[in-house]
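The values are calculated or read from the model by the stated rules, or taken from the named source; none is laboratory data. Note that this is a predicted model, so its numbers are computed, not measured. For neighbour counting, all protein chains shown are included, and Cβ atoms are generated from backbone atoms with ideal geometry for every residue, glycine included.
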Amino acid sequence: MTTHTISTAPPPSRGRRREKLDWKGWAFVGPFMVVFALVFLTPLAYALYLSFFQEKLIGGTSFVGLDNYVRALTDPQFWESFGRVLLFLVVQVPIMLALALAAALALDSARLRGASFFRILIFLPYAVPAVVAVLMWGYIYGDQFGLTSNINDLLGVDAITPFAKEWMLVSIGNIVTWEFVGYNMLIFYSSLKTIPSEMYEAAALDGAGAWRTIFSIKVPSVRGALVIATIFSIIGSFQLFNEPNILRPLAPNVITTFYTPNMYAYNLSFAGQQFNYAATIAIIMGVITAVIAYVVQLRGSASEVR
Amino acid sequence: MALPLARSGRRDPLNPRKSTTLLIVMIVYALYTLIPLVWLLFSSTKTQAGLFSSFGLWFADDVAFIDNLVATFSYRDGIFLRWLGNTLLYVVVGAGGATLLATMAGYGLAKFRFPGRRAVFAIVLGAVAVPGTALAVPTFLLFSELGLTNTPWAVIIPSLISPFGLYLIWVFASESVPTELLEAARLDGAGELRTFFTVSIRLLAPGIVTVALFTVVATWNNYFLPLIMLSDPDWYPLTVGLNQWSAQAIGAGSQPIYNLVIMGSLLTIIPIVIAFLLLQRFWQSGLTAGSVKQ
């Protein structure tokens, strides 16, 4: 996949001039757009609307302008959760993408025995539901019957404590990495497969070694895929919810109700009935995510042009 | 387009010798990938007592695989089977519908010039950047106004949209459905929808299988959406149900059923893994073709 995912340019088409402008295309696009409007555009507009109102015990719902936004931006719980997913993003995403790229390059290198076996194996965790992945890892981390307790028993000390406050984010990062390396590997691998073999022949004639080929041909060629994978990972990190929420019963004192912005919004609405404030948090996170994704995309495609 | 497995090591003179170091590194990573799954397999054979008293990556003294299997399906009048049925319903209607809608829309965008086409692109692809879960709370409120919460529709309708699927089919249709072919069909007097369902859909098949597989995974694994939309356990999919079983072990008067959670987890993974393994030829070529576009 190249940067075209985000681009709005029409695909170059040879017969373009002969196709006449008519409404027939809507017969195909229409059904999608109707559902899209119902599940994307309407909730988005509704969230915006909600964020400008407040529900009071006395006086009912009233328009409050930007009050909810002011409250969110000065809310230490919101900033704590935001800082946490930002830290997660800065540490976990590079590790995950580096592992995925390394795996894709290894699979593509033709120097690996059993490459197709490894490819399917590494991809496998993507098919495992997040709930099952987190339950498995949660049990493995646990001190009751997990592998962690086996290792700690063996050593005679509590050497590994995945649920301790200082290790929790690492434990979550490990689960997310386990789940998504394979998916990103496949994106990179598909991209590597599109490099014409003449490029490699030319490189070989020029006497380029394996590493030279990797850094001069392969890595630049997957830049578009790298941008896409980065954007998806940024969105995923900011949305972090499933893993901490499912782990929460195992470590209720460490994983607070505002551990990530998404958990905060969720708990505000479904435990606290504060729908307006929850919508505001969601909108702020949506805007931040969209802006960062846009910047990454701009930078990614700019350096591609150069 | 290079086929995924076309470049075989021995025939290509450019290819160097196999590297043992690389193999060892990959085996280490493969172990990391496999250990939780192997742990799950061994654990599924254990009684609750066995779980506590045995090493995680080997059998306990007594093997209770069949007992666990029976207990999982019979617990609380077979609620697990109900959850499995719900999941299948959400997958068939949700992922099936998502695939159909994405295929038609991607094809429409690739093969027709119509008013508002650029706007559709901008809106749909821009929406990808909006966190899906950011929409969850307003969607819940909206659906509850419409009386849809706590019904299967609340899970199915949002599953019907796959912007990634639309993108993949758009790229795929631009590449693999020749405009000349459509024009020939038009000259023969065939309607556009008829041409789509009789001719184009076959050319799009690898792309459709890929989109279907990824939407199936997305709906099969869906957790957040049903979690907020459903309060009646009778409508839970497997994911929400399993998490509820797991949460049973916590708190006062708890009744842990770890063995059932573990067996249930195993049963939840198996169908989707089989689907991926059986269809790998399709989705791998589908994805590769999707990235051909320059």
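What to note about this one:
- Residues being free of Cβ contacts under 8 Å to residues at least 12 places away in the same chain, surrounded by 14 or more Cβ atoms within 10 Å (Cβ to Cβ) and of a type in the set (S, T, N, Q) - total across the range B:43-88: 1
- Residue, farthest from A:Gly30 (Cα to Cα), within the range B:89-119, restricted to residues that are without any contact (Cβ under 8 Å) to a residue 12 or more places away in the chain and out of contact with any Asp or Glu (no Cβ under 8 Å at 6 or more places or on another chain): B:Val92
- Hits in the range B:20-42 - residues which are in contact (Cβ under 8 Å) with a residue 40 or more places away in the chain and hydroxyl-bearing (Ser, Thr, Tyr): none
- Close pairs from the range A:158-181: first charged (D, E, K, R), partner assigned to a helix (DSSP H, G or I), Cβ under 8 Å, at least 6 apart: A:Asp158/A:Asn152; A:Glu179/A:Pro125; A:Glu179/A:Tyr126; A:Glu179/A:Ala130; A:Glu179/A:Ala133
- The set of residues from the range B:168-178 being surrounded by fewer than 24 Cβ atoms within 10 Å (Cβ to Cβ) and assigned to a helix (DSSP H, G or I) comprises B:Val171, B:Ala173, B:Ser174, B:Glu175, B:Ser176.
- Among the residues listed as A:Ala210, A:Ala282, A:Ala278, A:Ala290, the single one being among the small types (Gly, Ala, Ser), over 30 Å from A:Asp108 (Cβ atoms), out of contact with any Asp or Glu (no Cβ under 7 Å at 6 or more places or on another chain) and modelled with pLDDT under 85: A:Ala290
- The combined condition, being surrounded by fewer than 22 Cβ atoms within 10 Å (Cβ to Cβ) and either part of a helix (DSSP H, G or I) or in contact with a strand residue (DSSP E or B) (Cβ under 8 Å, 6 or more places away or on another chain) (or both), is fulfilled by B:Phe164.
- B:Thr198 vs. criteria out of contact with any Gly (no Cβ under 9 Å at 6 or more places or on another chain), under 30 Å from A:Gln274 (Cα atoms) and not aromatic (Phe, Trp, Tyr): no
- Any chance B:Gly126 is under 28 Å from the mean Cα position of the chain (by Cα), part of a helix (DSSP H, G or I) and crowded, with 22+ Cβ neighbours inside 10 Å: no
- Scanning the range A:124-146 for residues that are free of Cβ contacts under 8 Å to residues at least 40 places away in the same chain and of a type outside the set (A, V, I, L, M, F, W, C) gives A:Pro129, A:Tyr139, A:Asp143, A:Gln144, A:Gly146.
- Applying a threshold of 8 Å to beta carbon distances and a minimum spacing of six or more residues, or different chains, the list of pairs starting in the range A:32-52 at a residue that is within 7 Å of chain B (Cβ to nearest Cβ) and surrounded by fewer than 16 Cβ atoms within 10 Å (Cβ to Cβ) and ending at one that is aliphatic (A, V, I, L, M) and in a helix (DSSP H, G or I) reads A:Thr42/B:Leu142.
Here is a yes/no grid of residues against (1) more than 7 Å from chain A (Cβ to nearest Cβ); (2) in contact with a helix residue (DSSP H, G or I) (Cβ under 8 Å, 6 or more places away or on another chain); (3) assigned to a helix (DSSP H, G or I):
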| position | (1), (2), (3) |
| --- | --- |
| B:Lys46 | yes, yes, no |
| B:Ala49 | yes, no, yes |
| B:Phe52 | no, no, yes |
| B:Phe55 | no, yes, no |
| B:Val63 | yes, no, no |
| B:Ile66 | yes, no, yes |
| B:Ala71 | yes, yes, yes |
| B:Leu89 | yes, yes, yes |
| B:Phe140 | yes, yes, yes |
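- Residue within the range B:262-269 that is at pLDDT 90 or above, out of contact with any Leu (no Cβ under 8 Å at 6 or more places or on another chain) and closer than 20 Å to A:Tyr126 by Cα present: no
- Selection of helices (runs of 4 or more DSSP H) fully inside the range B:187-250 by the criterion of at least 3 residues being aliphatic (A, V, I, L, M) returns B:205-220, B:224-229, B:238-247.
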